[in-house]
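Notes follow once the structure below has been shown.
The values are calculated or read from the model by the stated rules, or taken from the named source; none is laboratory data. Bear in mind the structure is a predicted one, so any value in this text is a computation, not a measurement. A quick note on method: Cβ atoms are made from the backbone with ideal geometry, for glycine too, and the neighbour counts reach across all protein chains shown.
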Amino acid sequence: MIKKLLFCLFLLTATAVSGQSIFQSAKWIVPVFKEDTLLRPCPVYTKTIGVQKGLRSATLYITAHGLYEANINAQRVGDAYFTPGFTSYNRRLQYQQYDVKTLLKKGRNAIAVTIGEGWYRGVFGGNLAHDIYGNDAGLLFQLDLTYNDGSHLSVLSDSSWQCTTGPIRYSSLYDGELYDARIQVRQARPVAIADFRKDILVADHTPPVREKENFHPIKVWITPKGEQVIDFGQNMAGWVRCQLEGKGGDTIRLYHAEMLDKEGNFYTGNLREAKATDTYILPGKGKGTFQPHFTWHGFRYVKVEGCKVNANDFTAVALYSDLTPAGTFSSSNPMLNQLCHNITWSFKGNSLDIPTDCPQRSERLGWTGDAQVFCRTASYLFHVDAFFSKWLQDLLADQAVNGAVPSIIPDVYEKLRKDPRAGAAGWADAAAIIPWTLYWVYRDTAVLNRQYTSMKAWVDYINSVSKDGLWTANGYGDWLAPGDSTSLHYIDQCYWANSTQLLINTAKVLGKTADVEKYTPLLQNIKSAFLKHYISPEGVAITNTQTAYILALQFDMLPDSMKKNAADRLATLVRNNNNHLATGFLGTPYLLHALSENGYTDLAYKVLNQETYPSWLYPVKMGATTIWEKWNAIKPDSTIQATSFNHYSYGAVGEWLYRVVAGIDAASPGYEKITIHPQPGGGLEWVNAGYTCPYGKIVSNWKITNGKFTMHVEIPAGTRATIMIPGKESVEVAAGTYDF
């Protein structure tokens, strides 16, 4: 297995041959100067080139150690931010390609590339480490010019470049940016040639981070503490663009926060060590436009110091990966609609090149557990195949040679970890769950082929550390569950079985018959050990929680003879909790499915419609515009907890809204066969939903008028669908539009 895993890593680097070949003559360059402060000014590489008449094409290839912003003749190259993107930099470094012909002119052309700290060398991670991947701010650059006469010229990063610093005096992902507009470009100095790897270079094929929605202030006021605060009305990840004017040396500071406290004051207690502050020192040359370059913040509110706020001068800009929207959902319940809005915006705020847990505090990491519980919901909101596929390549790259999977990808703690990577149930299982989800939604066999060795290594790792058929690791469990804790070892066993089942499914798709025969008995042994140690002969789980029965049902851990009893016990636990959930990160995504798939759809709706803690609609009632990390992030008395207010995990209920409430589901991989099976309830009078699958748009609209159920369905070309209308026989249809 170790040999196979290493071979898979070889395949990852083998795909970089084209990148290595593109930059064959270009040299990695670095500044000759070193800054003696943690808050380092951003280096600016400069070069002037000559361009002749008759330019046919101009293609730029570029990457960096850090984040880069390239300019040609003072015009920004491209509209992507945080390039070259966040990857496992020791093993995979992306480069980008740009058509820059329109930025060039005949004669002299000035090139400038600024390098921000970013993930590579900035302060990052919960332990506030810096220089995680290196302390250099390296640049690799190649500009290929082709003229009408067929001649070619390549402008390469080499010793002819110079480097200096400019107005960005520091730029930290957590702390924000200091921009001194009085400083332009200081005296340039030579560069040094560095012998950094090129064999890890890979082309960037994922949607880049771009500026998206703009928000204008809905309120500007003075808080009880006397602070000047702007409310943009939406919690988001992004920054503020502002028009500022003042005397030279005037300093303006923008502080960012998600919430106001109980008294209505600006609240930053949940940011941990992140300062989330952008500072602008004005040049005194009239009004200018300012925005950060290499940082972002999670915020709805902004406190401004140093100038009087004119609402027309401040705009909040949302930043996230430029994913294509896939689904729409609306209903007769405004609170449910707001929940859908919040789910969507939490994913937007946590999709800046990788799936993250939160966008505001000193964390913003690629937690695997959060990603796997939300992946299917994300697929209903946006086309996420390329987005998650790129991240999975880093999971494969960072997976330990023994098969263990880190809880965070990219694994920024690899150098600091003294203990071997053990892998946590429900987190490391992203190695199996997400590839299978992408296959099921997009019929992406390429991702299965690429990740198969990773999936297999993960299951084999668990098997190697198990004893008597039991996996007894110490993971995170049903994280932040408001009810009783579910046994960690119980959860371990359920997820081991689930990953093994997904591995078997994948082996069948890929035609790996020997592996099907190998892992099928293992799965049977895992389930047998589960029944022996965790379920009584009467069918009672040793840990009597909602999550215990949810996982047993959803991961098919029980024989058919025990399933009804388990579903009944789950329903009893829910009813005894006043029809409220008592689940955390691992139980919540499956709760409503476990109920509705076992005859308790009405109860599932009762849970969904609760407006008191703990519930999905409680945050909505409290004014949330994104999903919270904790069910009671704001207590009923308006007391604020130091937690994330933009955390998509509990938004995994979105899958149930699309699959059960609207009834849109894939009956075969890639939606070649579709199921339309809405299950009305919860007092809903109508639902309108659409989803663009690989074949086209699916529509499922239903309404109940005077007790009569009617439905409008649209099925895209190239597919067939089974339509199940409540109280009627199912019908098989081809592509077309149908009204029932």
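Of Asn337, Asn312, Asn333, all but one fail to be surrounded by fewer than 24 Cβ atoms within 10 Å (Cβ to Cβ) and touching a Gly at 6+ places or on another chain (Cβ under 8 Å); the exception is Asn333.
Identify, from the list Leu143, Leu156, the residue that is out of contact with any helix residue (DSSP H, G or I) (no Cβ under 7 Å at 6 or more places or on another chain), over 25 Å from Arg364 (Cβ atoms), buried (at least 23 other Cβ atoms within 10 Å of the Cβ) and at pLDDT 95 or above.
So the residue among Leu143, Leu156 that is out of contact with any helix residue (DSSP H, G or I) (no Cβ under 7 Å at 6 or more places or on another chain), over 25 Å from Arg364 (Cβ atoms), buried (at least 23 other Cβ atoms within 10 Å of the Cβ) and at pLDDT 95 or above is Leu143.
Going by what's in this entry, would Gly475 be described as surrounded by fewer than 24 Cβ atoms within 10 Å (Cβ to Cβ) and in contact (Cβ under 8 Å) with a residue 60 or more places away in the chain? Answer is no for this residue. Considering the conditions (1) among the β-branched types (Val, Ile, Thr); (2) in contact with a helix residue (DSSP H, G or I) (Cβ under 6 Å, 6 or more places away or on another chain); (3) part of a helix (DSSP H, G or I), Thr626 is excluded by exactly one of them, (3).
Within region 87-115, the set of residues being surrounded by 22 or more Cβ atoms within 10 Å (Cβ to Cβ), assigned to a strand (DSSP E or B) and among the aromatic types (Phe, Trp, Tyr) comprises just one member, Tyr95. Just wondering, is there one or more residues in region 418-425 that are part of a helix (DSSP H, G or I) and within 21 Å of the chain's Cα centre (by Cα)? There is no residue in region 418-425 that is part of a helix (DSSP H, G or I) and within 21 Å of the chain's Cα centre (by Cα). Scanning region 559-608 for residues that are over 19 Å from Glu629 (Cα atoms) and in contact with a Ser or Thr (Cβ under 8 Å, 6 or more places away or on another chain) yields Leu573, Leu595, Ala604.
When residues in region 580-625 are screened for being among the β-branched types (Val, Ile, Thr), under 27 Å from Ile491 (Cα atoms) and free of Cβ contacts under 8 Å to residues at least 60 places away in the same chain, 1 of them pass. Taking the conditions (1) of a type in the set (Asp, Glu); (2) within 30 Å of Leu282 (Cβ to Cβ); (3) part of a loop (DSSP other than H, G, I, E, B) in turn, Glu177 satisfies each one other than (3). Applying the condition of being touching a strand residue (DSSP E or B) at 6+ places or on another chain (Cβ under 9 Å) and not in a helix (DSSP H, G or I) to region 643-661 and asking which residue is farthest from Met724 (Cα to Cα) yields Ser644.
The set of residues in region 452-505 being part of a helix (DSSP H, G or I), over 24 Å from the mean Cα position of the chain (by Cα) and hydroxyl-bearing (Ser, Thr, Tyr) consists of Tyr461, Ser464, Tyr490, Thr500.
Within region 675-719, can you find the residues that are in contact with a Lys or Arg (Cβ under 8 Å, 6 or more places away or on another chain), among the charged types (D, E, K, R) and surrounded by fewer than 17 Cβ atoms within 10 Å (Cβ to Cβ)? Residue satisfying the conditions is Glu685 alone.
Consider region 357-414 and keep the residues that are outside any helix (DSSP H, G or I) and among the charged types (D, E, K, R). The one that is surrounded by the fewest Cβ atoms within 10 Å (Cβ to Cβ) is Glu414. Within region 432-446, residues that are under 21 Å from Gly403 (Cα atoms) have Cβ atoms under 6 Å from residues that are among the small types (Gly, Ala, Ser) and buried (at least 23 other Cβ atoms within 10 Å of the Cβ) in these pairs: Ala432/Ser499, counting only partners at least 6 apart in sequence or on another chain. Remark: pairs (first residue in region 125-146, assigned to a loop (DSSP other than H, G, I, E, B); second residue among the acidic types (Asp, Glu) and surrounded by fewer than 18 Cβ atoms within 10 Å (Cβ to Cβ); Cβ separation under 9 Å; 6+ apart in sequence or on different chains) = Gly126/Glu273; Leu128/Glu273; Ile132/Glu414. Considering only residues in region 26-52 that are in contact with a Leu (Cβ under 6 Å, 6 or more places away or on another chain) and either among the basic types (Lys, Arg) or buried (at least 22 other Cβ atoms within 10 Å of the Cβ) (or both), the one that is farthest from Ile200 (Cα to Cα) turns out to be Tyr45.
For Gly118, indicate whether it is surrounded by fewer than 22 Cβ atoms within 10 Å (Cβ to Cβ) and in contact with a Leu (Cβ under 8 Å, 6 or more places away or on another chain). Here the answer is no, as Gly118 does not meet what is asked. Is it the case that region 149-156 has a residue that's outside any strand (DSSP E or B), without any contact (Cβ under 8 Å) to a residue 12 or more places away in the chain and out of contact with any Pro (no Cβ under 7 Å at 6 or more places or on another chain)? So far as region 149-156 goes, yes, one or more of its residues are outside any strand (DSSP E or B), without any contact (Cβ under 8 Å) to a residue 12 or more places away in the chain and out of contact with any Pro (no Cβ under 7 Å at 6 or more places or on another chain).
Counting only residues that are more than 21 Å from Phe740 (Cα to Cα) and touching a helix residue (DSSP H, G or I) at 6+ places or on another chain (Cβ under 7 Å), region 658-689 holds 3 of them.
Output yes when any residue across region 558-579 is closer than 26 Å to Trp367 by Cβ and at pLDDT 95 or above, and no when none is. So far as region 558-579 goes, no, none of its residues is closer than 26 Å to Trp367 by Cβ and at pLDDT 95 or above. Reported count of residues in region 612-623, each being outside any loop (DSSP other than H, G, I, E, B) and crowded, with 23+ Cβ neighbours inside 10 Å, is 1. Of the residues screened, Thr277 is not one that is more than 22 Å from Thr625 (Cβ to Cβ), in contact (Cβ under 8 Å) with a residue 24 or more places away in the chain and touching a Ser or Thr at 6+ places or on another chain (Cβ under 7 Å). Name the single residue that is surrounded by the fewest Cβ atoms within 10 Å (Cβ to Cβ) among those in region 53-68 being touching a Lys or Arg at 6+ places or on another chain (Cβ under 7 Å) and on the phi < 0 side of the Ramachandran plot. Checked region 53-68; the qualifying residue surrounded by the fewest Cβ atoms within 10 Å (Cβ to Cβ) is Lys53. The residues of region 675-716 that are outside any strand (DSSP E or B) and either among the polar types (S, T, N, Q) or within 22 Å of Leu336 (Cβ to Cβ) (or both), listed by number, are His677, Pro678, Gln679, Pro680, Gly681, Gly682, Gly683, Leu684, Glu685, Asn706, Gly707. Cβ-Cβ contacts under 9 Å between residues 6 or more apart (or on different chains), taken from a first residue in region 239-264 that is touching a residue at least 24 places away in the same chain (Cβ under 8 Å) and among the polar types (S, T, N, Q) to a second residue that is in a loop (DSSP other than H, G, I, E, B) and surrounded by fewer than 19 Cβ atoms within 10 Å (Cβ to Cβ), are listed as Gln243/Lys287; Gln243/Asn310; Thr251/Gly306.
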